[in-house]
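Below: one structure, written as C-alpha cells.
What follows is calculated from the coordinates using simple rules that are stated; it is not laboratory data. Here the structure is a predicted model, which is why all the values come from computation and not from measurement. Quick reminder, even Gly has a Cβ in these numbers, built from the backbone with ideal geometry, and neighbours come from all protein chains shown.
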Amino acid sequence: MALLNSSVVPSIGIGVFDREHLELVETINELQAAVDAGGERSAIGPLLSKLAKDTKAHFLSEEAMMAASKYPGLALHRMKHQRLLEQLNALLMRYARDDSTMNMHSLNFLRDWLNSHIQNDDLNFGLWQNEHGKR
Ligand SMILES: [Fe+2]
Ligand SMILES: [Fe+2]
C-alpha cells in the first residue's frame, strides 16, 4: 500500500497546524511500517498511543484557534473531530483487549480520513483564518 507522502500533504496556511499534520502523517507511516514488518505489539502499541495523544492535542489546538477567531464552521468541524476520536478510541480499546490487531483496513481508514479532512475541512478553516481570523 502506498504511504501518504509528506510532500503531498497540502499546506493549510497555518504553520503550526501544517507541522502537526506532517507529524500525524509520519506516525501513521511508522505504524504502516510496523504492520508491514510483522505487527509486533511492542512496536505498534506505543505508536498507536502516540497517534491518539497527538491527534487529540491537535484537534483541541485547532478548535481553540477557531473559537478565538469565532470561526463560523467550528461546531461542524468539532463534530467531525469528535467522531474520529471516537473511532480512534474504539480502535485503541479493541487493540488493548487483544481481540484485534492493527490491520491494513484500520490504517487505510485513518490515512484516508486524515488526508480528506486536511484537504477539505482544515484547508477551509486555513483560508478563512488567513482572511478573517486573529493570528
Ligand atoms: Fe488538522
Ligand atoms: Fe481539523
The range 31-135: GluC sites (Glu not before Pro) in DSSP coil with no more than 12 other Cβ atoms inside 10 Å: GLU40
Rounded if a/c under 1.5, otherwise prolate or oblate - the chain, Cα gyration tensor axes: prolate
Lysine pairs with alpha-carbon atoms under 20 Å apart, the chain, spacing 8 or more or separate chains: 4
